[in-house]
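Novice: Please see the structure below; I have some questions.
The values are calculated or read from the model by the stated rules, or taken from the named source; none is laboratory data. Computed from a prediction, not measured in an experiment: that's the story for all the values here. We place every Cβ from the backbone using ideal geometry, glycine too, and count neighbours over all the protein chains shown. Please note that ligands, DNA and RNA were not included when accessible areas were found on the heavy atoms of the full protein model with its side chains. Shrake-Rupley method; radii C 1.70, N 1.55, O 1.52, S 1.80 Å.
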Amino acid sequence: VATVQCAGNRRAEMRATRNLKGLEWRGGAIGNAEWAGAKLCDVLKAAGIDENDERLRHVHFEGLDTDPSNSPYGASIPIEKAIDPRGDVLLAYEMNGETLNRDHGYPVRVIVPGVAGARNVKWLGRIYVSDVESDSHWQQNDYKGFNPSTDWDTVDFTKSPAIQDMPVTSSICSPAGGSKVTGGQELTVSGYAWSGGGRAIVRVDLTADGGKTWTQADSLVQDSARHPRHWGWTVWTGKVKIPEGVDSAEVWSKAVDSSYNVQPESFSNIWNLYTHCISFVINQDIVIIYLLFVFFDNHMQH
């Protein structure tokens, strides 16, 4: 079981405050599935690759899909991830017990668990080992992170490494943004959480008062794999008390992984021009309604 997530998942939340480039993903650029196929480490060994050869540092993947210049989609991962049996990199041809379909990369795709979705190349056409990283656009000039003050006039893509392992994140799936709830009630909230690098989710914290008080999700549904080979997401459910005396509120979720990495509570200090590795606390706006009860004296009804 492994989750695949776009490095730009939840980008739309950053766009709401500061203009940026990239597809306007909300919380849906992520999926979780059971994959079957051949382990990449076994294939590399069968091909005669010597894991002790220090010249071999990167494994490249090329897809059969091409861009307008006829260049194939390409990516690479470190040899240490590719050759390690516990890295669980898979040449997948089945998904959820069925033959991989065309949209998901038929006939074979790479699943690199815990790593940015951009490295999970679909429609795989070629694999090779090299002493250098992939020179594809998507490895060298995309899917990288920069400090918040870097803009398109000052960015230097050579100064930043390609994203591999992903940070901890979470998303609220229910209730939907803009939902109407009653002030003072205990609201049931649910969503998903995930962390890259094989780290499991150990806790999801919830607040509806801007972080003054917190509760904890009381249900974490996840597979039984242990850190550092926990590749799947966690589906969580919890309750949070909605404040009284206000017209609206934000419900926040904050995930904690098995290395005790925690989502930051705002994106201002992690913003980057491509808005990748989006990890800040998820917030969901809700509208608070108040019910007015009017009682009548029985004698006044005559």
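Novice: Suppose every Lys and Arg Cβ carries +1 and every Asp and Glu Cβ carries -1, with no other charges. What dipole size does the range 186-226 come out with about its Cα centre, to the nearest 20 debye? Mind dumping the intermediate values first?
Specialist: Numbers: 4 positive and 5 negative charges, 49 e Å.
About 240 debye.
Novice: Please name whichever of S136, V204, S266 sits farthest to the positive end of the charge dipole of the chain, dipole taken about the Cα centre and charges placed at Cβ: Lys and Arg +1, Asp and Glu -1.
Specialist: Comparing the listed Cα positions along the dipole, V204 ranks first.
Novice: Using only the alpha-carbon atoms of the range 125-191, report the extent along each of the three principal axes, biggest first, to the nearest angstrom.
Specialist: Principal axes ranked by extent give 59, 35, 18 Å for the Cα atoms.
Novice: Okay, moving on. Put +1 on the Cβ of each Lys and Arg and -1 on the Cβ of each Asp and Glu in the range 36-194; which of I49, P85, N147 then has its Cα farthest toward the positive end of the dipole?
Specialist: The Cα lying farthest towards the positive end belongs to P85.
Novice: Moving on. Can you send over the carbon and sulfur percentage of the accessible area for the range 88-206, probe radius 1.4 Å, protein chains only? Write out the running numbers ahead of the final one.
Specialist: On the way: 2380 of 5260 Å².
Here it works out to 45 percent.
Novice: Largest first, what is the accessible-area ranking of M95, M166 with a 1.4 Å probe?
Specialist: Working: M95 40, M166 5 Å².
Sorted by accessible area, descending: M95, M166.
Novice: Also, quick follow-up: Give the separation of the Cα centroids, the range 40-113 to the range 201-278, in Å.
Specialist: 31 Å
Novice: Need the full-extension length gain, S149 to Y128, defined as separation in residues times 0.36 nm minus the C-alpha distance. One decimal, nm.
Specialist: On the way: separation 21, 0.36 × 21 = 7.56 nm, distance 3.69 nm.
Stretched out fully, the S149 to Y128 stretch lengthens by 3.9 nm.
Novice: Equivalent ellipsoid semi-axes for the range 103-221, as square roots of 5 times the alpha carbon gyration tensor eigenvalues: give them largest first, rounded to whole Å.
Specialist: For the range 103-221, the ellipsoid semi-axes come out as 37, 21, 14 Å.
Novice: I need the calculated FRET efficiency for the pair N52 and R86, taking r as the beta carbon distance and R₀ as 22 Å, to the nearest 0.05. Can you show the working numbers first?
Specialist: On the way: r = 17 Å, r/R0 = 0.79.
Working from the Cβ atoms, E equals 0.80.
Novice: As a test of the formula, what do you get for the chain when each DSSP H run with n ≥ 4 contributes -39,500 (n - 2.57) and the sum is divided by the residue count, at 222 nm and rounded to the nearest 500 deg cm²/dmol?
Specialist: Values: 4 runs with 21 residues, N = 302.
Result for the chain: -1500 deg cm²/dmol, rounded to the nearest 500.
Novice: If you don't mind, another one. Nearest 20 debye, what's the magnitude of the dipole of the chain about its Cα centre given +1 on Lys and Arg Cβ and -1 on Asp and Glu Cβ? If you can, show how the numbers build up before the last one.
Specialist: Numbers: 28 positive and 37 negative charges, 31 e Å.
Roughly 140 debye for the chain.
Novice: So which lysines can K159 reach, going by Cα to Cα under 30 Å and dropping same-chain residues fewer than 8 places off?
Specialist: Straight-line reach from K159, under 30 Å: K21, K81, K122, K144.
Novice: Could I ask something else about it? Could you do me a favour and compute the accessible area per residue for the range 1-143, 1.4 Å probe, result in Å²?
Specialist: Working: 7310 Å² over 143 residues.
Accessible surface, normalised per residue, equals 51 Å².
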